[in-house]
Amino acid sequence: MKKFAVSRMAGLLLLGAAGASWAGGPDAQLLEKGKVLFSTDAVPACAICHTLQDAGAEGTIGPDLDELKPDADRIRKVLAEGMGAMPSFAETLKPDEIDAIVAYVVNATGGGQ
């Protein structure tokens, strides 16, 4: 019975630790991937049109993302559908690449807060 209690407690501790890391936000690799895609690797690169201080981007065609502070849903929708002069990236970016850009922009701007 004591072994069961100890293993159950260990399992709960592991779940708690996992939850804490999920709650901490996206990992550094995801954010770095998003930053690279935003800055140079997306075609066209987001930084050409948008201002985003964290990326050193000073584009003037699209909105200033530091001021707009878009939430994840808004970024994902605009990446998928395009808006105004911005093209859709649905055919040129993989879902994990879109996830990385979304995580990066939200993290860099404090989006949705």
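All of the numbers you see were taken from the coordinates with simple rules; none came from a lab. Just so we're clear, the structure is a prediction, and the values are computed from it rather than from any experiment. Heads up, the Cβs are rebuilt from the backbone with ideal geometry, glycines too, and the neighbour counts pull from every protein chain shown.
Values computed for the structure shown
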| read-out | value |
| --- | --- |
| Search result, residues across the stretch 44-66 that are hydroxyl-bearing (Ser, Thr, Tyr) and either buried (at least 16 other Cβ atoms within 10 Å of the Cβ) or out of contact with any strand residue (DSSP E or B) (no Cβ under 9 Å at 6 or more places or on another chain) (or both) | THR51 |
| The stretch 81-113: number of residues that are surrounded by 13 or more Cβ atoms within 10 Å (Cβ to Cβ) and of a type in the set (Gly, Ala, Ser) | 6 |
| Pairs where the first residue, in the stretch 32-56, is closer than 13 Å to ASP66 by Cα and the second is assigned to a helix (DSSP H, G or I) and charged (D, E, K, R), C-beta under 7 Å, 6+ apart | THR51/ASP66; LEU52/ASP66; GLN53/ASP66; ALA55/LYS35 |
| Selection status of ILE48, in contact with a Phe, Trp or Tyr (Cβ under 8 Å, 6 or more places away or on another chain) and farther than 17 Å from GLY25 by Cβ | no |
| Residue ID - farthest from ILE98 (Cα to Cα), chosen from residues in the stretch 30-60 that are β-branched (Val, Ile, Thr) and out of contact with any Gly (no Cβ under 9 Å at 6 or more places or on another chain) | THR60 |
| Flag if LYS69 is touching a helix residue (DSSP H, G or I) at 6+ places or on another chain (Cβ under 7 Å), crowded, with 17+ Cβ neighbours inside 10 Å, within 23 Å of GLN113 (Cβ to Cβ) and of a type in the set (D, E, K, R) | no |
